[in-house]
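Okay, structure first, notes after.
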Amino acid sequence: MASSTPASPYLPSSLQDHFLLSMPHLNDTNFDHTLTYICEHNEYGAMGIVINRPMDLIISDLLQHLELDYKAAEKLPVYAGGPVKNDRGFILHYPTEKVWDSSYNITDQLSLTTSVDILREIGQNRAPEQFLVALGYAGWGVGQLEQEMSDNVWLSCPANLDIMFHTPAEERLQAAAATLGINLNLLTSQSGHA
């Protein structure tokens, strides 16, 4: 018998607001040694931002390329957020009182904005208290992330904003693993099931 209540787009085992830690045996140059923050995960798939791959590009260079004021911008790196739409900007940031043209509240503590208005503010030294700018994102189709989790491609843990914003990029993956009590350097590069 069909239910008259529409199905919720959220999965009971949703990984939204979690980190995905790539396993040492992951053989994919897009995700090798990556820490990905999952912005959305529901019955339609998942979307996340890789947060530990700084590019050879700083925010002021990006703003200058977009012909925006950049002289007040901090000398922070732009991250390679993933292989999908890597010509588009995605800004993870603490919520602000300002309403952005295209923004999504992931949690009470973190938002994702994709509109250029936030970049204008960053260039004029009116950035959110904490933020991370990435080009591109990681995406998974329906059931794809769940399958990869069952194939032991990823570990997951609740996201930690201190790791995201205050830990050096090269230390973020191991810092996230440490929250699980794991040293990734001790794991084999061979996959398997227990």
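The values are calculated or read from the model by the stated rules, or taken from the named source; none is laboratory data. This one's a predicted model, so the numbers in the text were calculated from it and none came from an experiment. We place every Cβ from the backbone using ideal geometry, glycine too, and count neighbours over all the protein chains shown. The protein model used for the area step is the full one, side chains on, heavy atoms only, and it has no ligands, DNA or RNA in it. Shrake-Rupley method; radii C 1.70, N 1.55, O 1.52, S 1.80 Å.
Calculate the FRET efficiency for residue 109 and residue 67 from the Cβ-Cβ distance with a Förster distance of 22 Å, rounded to the nearest 0.05. Mind dumping the intermediate values first?
Details: r = 32 Å, r/R0 = 1.46.
That pair, residue 109 with residue 67, gives E of 0.10.
Provide 75, 85 ordered by accessible surface of protein heavy atoms (probe 1.4 Å), highest first.
Ranking 75, 85 by accessible area, largest first, yields 75, 85.
Can you work out the FRET efficiency for the pair residue 144 and residue 186, with r the C-beta to C-beta distance and R0 = 25 Å, to the nearest 0.05? Don't skip to the end; give the middle numbers.
Details: r = 28 Å, r/R0 = 1.13.
The calculated FRET efficiency here is 0.30.
When the chain is fully extended, how far beyond the present Cα-Cα distance does residue 87 get from residue 169, taking 0.36 nm per residue of separation?
That pair, residue 87 and residue 169, stretches by 27.4 nm at full extension.
What part of the accessible area of the chain, given as a whole %, is carbon or sulfur when the probe is 1.4 angstrom? Mind dumping the intermediate values first?
Details: 5120 of 10530 Å².
Summing carbon and sulfur atoms, their accessible area is 49 percent of the total for the chain.
Size of the chain along its principal axes in angstrom, Cα-based, largest extent first?
54, 50, 26
For the stretch 37-194, with every protein chain kept in place, what is the accessible area per residue (1.4 Å probe, Å²)?
Details: 8280 Å² over 158 residues.
For the stretch 37-194, the per-residue accessible area is 52 Å².
Give a quick list of GluC sites (Glu not before Pro) in the stretch 77-148 that DSSP marks as loop, anything other than H, G, I, E or B, with at most 12 other Cβ atoms within 10 Å.
Values: sites: 97, 121, 129, 146, 148; in loops: 97, 129.
For GluC sites (Glu not before Pro) across the stretch 77-148 that sit outside H, G, I, E and B with at most 12 neighbouring Cβ atoms in 10 Å, the list reads 97, 129.
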